[in-house]
Amino acid sequence: MDKHYDLNELAMMTGFTTRTLRNYLNQGLLHGEKLDGVWQFSAEELDRFFREPFVKEGLQSKRNAIVFNFLADTAKKTNRTCVILDLPVSDEEGEAVSNFFCSKMMQAKDAVFTYHRDRGVSRVILTGPEDQVAEILREYYKG
């Protein structure tokens, strides 16, 4: 069975709020299926959604903001890190990358992640406490 993403996972990947995503559903920009009262989105639908010009621009702004905000915060009280991974992988491998980071971020306490796939490259931006980010990366590279 193909992986489906719920609204919370989609919000985590994109940086959009669930309210914004629900607005996109109402506007017809995002298409999903409600199963047992929970919105579900296929990888194919997400690829289509991410290619929408209006959405693509918003995603780019969200990704840029994560990196900019990290760099602009010069008053950090604890060690934090920001990592950008560009992974040239197949669509199937890209889905596995997305699944891995989504599952890890559901467990992370203070880390932020975005995922984007464009022209054969999966980009992951991960920022948070250095110990959490390092552990997630160790697990990724172990697997």
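Select from the stretch 65-117 the residues that are surrounded by 14 or more Cβ atoms within 10 Å (Cβ to Cβ), among the charged types (D, E, K, R) and either under 19 Å from residue 42 (Cα atoms) or within 13 Å of the chain's Cα centre (by Cα) (or both) and list them in ascending order. The answer is 95, 104, 117.
Taken together, 86, 91 contain a single residue that is at pLDDT 95 or above and at negative phi, which is 86.
If you filter the stretch 1-35 down to residues that are of a type in the set (D, E, K, R) and more than 27 Å from residue 92 (Cβ to Cβ), you find that the one that is surrounded by the fewest Cβ atoms within 10 Å (Cβ to Cβ) is 19.
For the criterion of being of a type in the set (A, V, I, L, M, F, W, C), touching a residue at least 40 places away in the same chain (Cβ under 8 Å), part of a strand (DSSP E or B) and under 16 Å from residue 10 (Cα atoms), residue 100 fails.
Considering only the stretch 1-75, give the helices (runs of 4 or more DSSP H) lying wholly within it that have at least 3 residues that are farther than 22 Å from residue 126 by Cα. Even if it seems obvious, please write down each step before you answer.
Details: elements: 7-14, 18-27, 43-51, 53-72.
Per the criteria, 18-27, 43-51.
Among the criteria (1) in contact with a His (Cβ under 8 Å, 6 or more places away or on another chain); (2) free of Cβ contacts under 8 Å to residues at least 40 places away in the same chain, the one residue 18 does not fulfil is (1).
The values are calculated or read from the model by the stated rules, or taken from the named source; none is laboratory data. What you are looking at is a predicted structure, and each value in this text was computed from that prediction instead of being measured. All Cβ positions, glycine included, derive from the backbone under ideal geometry; neighbour counts span all protein chains shown.
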